[in-house]
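Structure, as structure tokens:
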């Protein structure tokens, strides 16, 4: 895949991301308590080689909750979500599809949903 540019709303943070597949097949939404409120589509990139911080590492703010396994990153200037390291697969980042240059998430045909309420890591067994 070809690396793509991803920026926060104000431009203080710029990332170079290499998606694991095409957006039609990989973009998804999650229904966990956090993602429902955030509302962003995400797409997978390999950790760590699929994401490179070009500018603004010092502007990124980390948010964690509950198990503190996932790492959610935001621009400290504009508050825009850029990416997160996944709890379900720590070898992946999820990136904000709407922040990828030239991508309009509304043009994606019916993105899939991930059941974050019943997260695989929470299953006892």
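The values are calculated or read from the model by the stated rules, or taken from the named source; none is laboratory data. Quantities reported herein were computed from a predicted structural model and do not represent experimental measurements. Virtual Cβ from ideal backbone geometry, glycine too; neighbours counted across all protein chains shown.
Might you let me know whether the range 108-124 holds any residue that is outside any strand (DSSP E or B), surrounded by fewer than 19 Cβ atoms within 10 Å (Cβ to Cβ) and at pLDDT 85 or above? Don't jump to the end; show me each part of the working.
To start, the set of residues in the range 108-124 that are outside any strand (DSSP E or B) comprises 108-111, 115-124.
Next, from what is left, pick out any that are surrounded by fewer than 19 Cβ atoms within 10 Å (Cβ to Cβ): 108-111, 115, 117-124.
The next check asks that each one be at pLDDT 85 or above; those that pass are 108.
Checking the range 108-124: at least one residue is outside any strand (DSSP E or B), surrounded by fewer than 19 Cβ atoms within 10 Å (Cβ to Cβ) and at pLDDT 85 or above.
Of everything in the range 73-99, what is farther than 12 Å from residue 42 by Cα, in contact with a helix residue (DSSP H, G or I) (Cβ under 8 Å, 6 or more places away or on another chain) and modelled with pLDDT of 95 or more? Give them in sequence order.
Scanning the range 73-99 gives 75, 76, 77, 80.
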**Asked** Can you name every residue in the range 45-66 that is under 16 Å from residue 95 (Cα atoms) and out of contact with any strand residue (DSSP E or B) (no Cβ under 7 Å at 6 or more places or on another chain)?
**Response** 48, 49, 57
**Asked** Here are some conditions: (1) in contact (Cβ under 8 Å) with a residue 40 or more places away in the chain; (2) closer than 22 Å to residue 9 by Cβ; (3) touching a strand residue (DSSP E or B) at 6+ places or on another chain (Cβ under 7 Å). Residue 31 meets all but one. Which one does it not meet?
**Response** (2)
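Looking at the range 76-90, which of its residues are in contact with a strand residue (DSSP E or B) (Cβ under 7 Å, 6 or more places away or on another chain) and over 14 Å from residue 7 (Cβ atoms)?
Of the residues in the range 76-90, the ones in contact with a strand residue (DSSP E or B) (Cβ under 7 Å, 6 or more places away or on another chain) are 76, 80-86.
Within the range 76-90, 76, 84, 85, 86 meet the criteria.
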